Structure formats: C-alpha cells, structure tokens
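Report on one structure; see the data block that follows.
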2 protein chains.
Amino acid sequence: MTKRFEEELAELKKCTLKMGNLVEIAISKSIKALLDRDVKLAEEVIGADDDINHIEIVIDEKCLDLLALRQPVAIDLRFIAAIMKMNGELERIGDLAVNIAERAKYLATQPELKISLDFTRMMEFTQKMVRESLDALVNKDAKLARKVCLEDDVVDDLNRQMFLELIEHMKEDPETIERSTHLMLVSRHLERIADQATNIAEDVVYMVEGKIIKHHAEDYCTIPR
Amino acid sequence: MTKRFEEELAELKKCTLKMGNLVEIAISKSIKALLDRDVKLAEEVIGADDDINHIEIVIDEKCLDLLALRQPVAIDLRFIAAIMKMNGELERIGDLAVNIAERAKYLATQPELKISLDFTRMMEFTQKMVRESLDALVNKDAKLARKVCLEDDVVDDLNRQMFLELIEHMKEDPETIERSTHLMLVSRHLERIADQATNIAEDVVYMVEGKIIKHHAEDYCTIPR
C-alpha cells in the first residue's frame, strides 16, 4: 500500500468517525428533547440533519474516488465497500433521530403523559451499539461486531416491554391513545437504530471473516426457482 | 468495455431484477396473508426470506469481484456502487415484508377487527415504487427515479390517514387497542418500504446526474465543526 493511499484511508476513517459522532449526538439530543419537552432542542436535531446528509455525500465520493484511483483489492476493497454501506446506515440513523425529534416537538405541545418509561436506558444502550459497530468497522474487529449483534436482542426486549406498557396505559385511559402511539413509535425508532447498528456489525463480520456466512449462496442466481 | 465485462454487468442486472421480483412477491403475499387471515401464506413469506438474504450475498460478491477484477471507472463504477447500496435496501424491504407477515400471523389468531382500511391500495402503490426504483436503476433512468421520489408523498399521506383512522377506532373501542396498533405498524412497514424505494431512486439520480445534489459538501469533513 502506498503512503498516500494509507493517508487517504486514514482520512476516510476520520470522516466516518465524525459522522458517527454527529449521529450519536442526534440520538441523545432527540431523546433529551422528548423527555424535557424541549422544542428548541428538537428543532436543533432536525436542523443538524443537513450536516449528516452532507457528510454522507462526502464519504460516498471519497470511497468512489479511492475505488477509481487506487483500485484496491482484498481487504482494502472490502473495507471501502463496508464503509459505503455503513455510510447509508448512519444517514438512516440520523433520519430516525429526526423522526424522534419531530414526535418530541409534537408531544411538547400536548398535555404530559403520566407514565414512566425508561427511554434513557434504551437510548443509551442503542447509542452504545452505534458507537461499537463503528469502532468494530474502523478497527476491523469482528469480535466486537459479534457482540453488537447479540446486544440487538436487549433492545428488542426493551421495545417489546414499552409496547406492552403503552398498550396497558391506553386501555386504562383512552384519552392518552394518540400520545401513547407517538411514544410507541419513538420506541420503535430506537429499536430500528439498533437494527441499523446490527447491520453495520454484520457487514464487519462479513468483511473480516469473508465467506463464513455465505452458505451455498451461489446457487440462488443460477438455478431457476 | 470488454465483451466479458458487458456480460458480467448483464448478469448482475439479471440477479438484481430477480431479487427485486422476490421482494415484490413478499410484499404482496404479506398483505394478502394479513387481509385473508392466512397463517400458511404468512409463514411462506417468512420462509422465503432466506432466498432473499442469500441473493443479497451473491450480488455483493459479484459486485466486489467486478470491482477487483475489472476495476471499473466513471459510470460503470457508480453503477456497481449503486447496485451494492440497492442490494441492502432490497434485503431490508424483504425484512419489512417478514415483519408484516409476522403481524398477519398474530392477528389471524385474534378476533377480526371490524374496520375497513385500504391496505391493498397502499401495498400496490408501494410495490409499484419498488419496481420503478429498480427499473430506474437498471436502465439508468433518472426521470423515472425522480417520479418515485415524488410518489413517496402519496404513501406518507396514506400512512397518516391509516394512523388517524386507527386512533379513532381505538378510542371508540379500547378493546381493539392492541390489534389496532399492530395494523398501525403494518401501515408503517409499508411506508418504510416506500422510503427504501425512495432511497434507491435517490441513488439513481445521483448516479446518473453526478454531483448535482452535492452542494458545498466537501467543507463538512475539513472544517472543524
């Protein structure tokens, strides 16, 4: 690998980590806006999404340039391909944070719900998964990536619990139905963020360990089904 | 372009269209299973997801092989990169169809809801968007891709309508709350499928028209923020 190419890859990693950092901030601020009924903070999350969208384009362009100019093979090629995929996932996570912020904004205009739900824990766990999946990617760490895949179950459980608690709450007081469904969707957005982190982590395992999870796949496009 | 490379690209397109076709079938079958309360059909959708997951791996491998061996540049490089992204989106659409099928399976075991919701129209529209986004990709048709982006608003509206109708239904009869929230999530799954199709379409516009939507993006990774 030439020194220039090494520098370019380092720059790509730096950009990726920066995007990851912005996305993490968006997640925590959106939940803070929800819990504190803070419209201004919610609007900040919505406004900051432009930065994330722009970085997505920068990273995509950097990847395409590297593919065209350096024509990488083997692990370098897989790494750049994984970054391109991760890039799309991170942008999507940014969108989900915006969805949460929009619901936070709406709910702040409505009477407060008297229900105690542990969104902070769910958010912190989800955020951790995003950070870990990214660390796994830039450090090509399959072990950490596999850990993220397992953690997804925790968030799924938390989402299921929220779902059940909110259904009970709605049944007890049908006046809260609309507001409760918004909270249900916030929980679902967090669960989807965890899914996106899991997607990144799965790509990392695949990138590092190659064909292990590819099982008789070649048949599927050649044998008519 | 060598004849061999042309053939390989044609094969890649074929694979992509095949995957798109499987995904379209999954979408329509999942909604049919929901409406007909057909557990067997729902299970068929869930089982068929393995095929979609396998094709995703095949397409990814084909793309990586083409990048490594043919070292494409310009439009060919962007096309292969777009296929890799689209591949992930299609796989995710398959997962959403599975989510719908799982809800269909659960709801079939519950008393039927007496509410008329036009899931067929929403499903057909969403399915059309998936097909069009894929056609736009393989034919490098930015005009069709832009049409898909506009169509997303229709599905968003349909989802919002469903949401409001279901909230009313729950308020009128709190006994239906749990079942109604499942239907609400089915509507949301369809809306997300439309989002994924829109993502594909946006990538096509970007692939065909290049840097038009990239606006001062380069600043974002160099200026500290």
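The values are calculated or read from the model by the stated rules, or taken from the named source; none is laboratory data. As the structure is a prediction and not an experimental result, all values here were calculated from the model. So basically every Cβ, Gly included, is an ideal-geometry build from the backbone, and we count neighbours across all protein chains shown. Remember, those area values only see protein heavy atoms, side chains included, never the ligands or the DNA or RNA. Shrake-Rupley method; radii C 1.70, N 1.55, O 1.52, S 1.80 Å.
Computed quantities for the displayed model
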| item | result |
| --- | --- |
| Pairs with Cβ under 7 Å, 6+ apart, first in the stretch A:42-59 and within 13 Å of another protein chain (Cβ to nearest Cβ) and assigned to a helix (DSSP H, G or I), second open to solvent by less than 30 Å² (accessible area, probe 1.4 Å) and not hydrophobic (A, V, I, L, M, F, W, C) | A:49/A:94; A:52/A:91; A:52/A:94; A:53/A:91; A:56/A:87; A:56/A:91; A:59/A:16; A:59/A:87 |
| Some residue of the stretch A:61-78 being within 9 Å of chain B (Cβ to nearest Cβ) and within 14 Å of the chain's Cα centre (by Cα) | no |
| Yes/no for residue A:32 being within 9 Å of chain B (Cβ to nearest Cβ) and open to solvent by 50 Å² or more (accessible area, probe 1.4 Å) | no |
| Residue within the stretch B:1-12 that is open to solvent by less than 20 Å² (accessible area, probe 1.4 Å) and among the β-branched types (Val, Ile, Thr) present | no |
| The stretch B:25-40 residues that are farther than 20 Å from residue B:188 by Cβ, paired with ones that are basic (Lys, Arg) (beta carbon under 8 Å, 6 or more apart) | B:38/B:32; B:39/B:105 |
| Residue match in the stretch B:142-164 (condition: open to solvent by 20 Å² or more (accessible area, probe 1.4 Å), within 14 Å of chain A (Cβ to nearest Cβ) and polar (S, T, N, Q)) | yes |
| Where residue B:6 falls short, out of the listed (1) more than 20 Å from the chain's Cα centre (by Cα); (2) away from chain A (no Cβ under 11 Å); (3) touching a residue at least 40 places away in the same chain (Cβ under 8 Å) | (3) |
| Condition check for residue A:37: at the interface with chain B (Cβ under 8 Å from one of its Cβ atoms) and open to solvent by 40 Å² or more (accessible area, probe 1.4 Å) | no |
| Residue satisfying all of: in the stretch B:193-210; at the interface with chain A (Cβ under 10 Å from one of its Cβ atoms) and within 14 Å of the chain's Cα centre (by Cα); farthest from residue A:167 (Cα to Cα) among these | B:203 |
| Yes/no for residue A:190 being more than 8 Å from every other protein chain (Cβ to nearest Cβ), open to solvent by 20 Å² or more (accessible area, probe 1.4 Å) and modelled with pLDDT of 90 or more | no |
| Residue count for the stretch B:52-77, restricted to those that are surrounded by 21 or more Cβ atoms within 10 Å (Cβ to Cβ) and small (Gly, Ala, Ser) | 0 |
| Single residue of B:176, B:126 found to be among the hydroxyl-bearing types (Ser, Thr, Tyr), over 17 Å from residue B:23 (Cα atoms) and in a helix (DSSP H, G or I) | B:176 |
| Some residue of the stretch B:129-141 being surrounded by fewer than 18 Cβ atoms within 10 Å (Cβ to Cβ), away from chain A (no Cβ under 13 Å) and of a type in the set (A, V, I, L, M) | no |
| Check on residue B:80, at pLDDT 95 or above and open to solvent by 30 Å² or more (accessible area, probe 1.4 Å) | no |
| Positions within the stretch B:85-128 being among the aromatic types (Phe, Trp, Tyr) and either under 30 Å from residue B:174 (Cβ atoms) or open to solvent by less than 20 Å² (accessible area, probe 1.4 Å) (or both), in sequence order | B:106, B:119 |
| Any chance residue A:34 is among the aliphatic types (A, V, I, L, M) and more than 17 Å from the chain's Cα centre (by Cα) | yes |
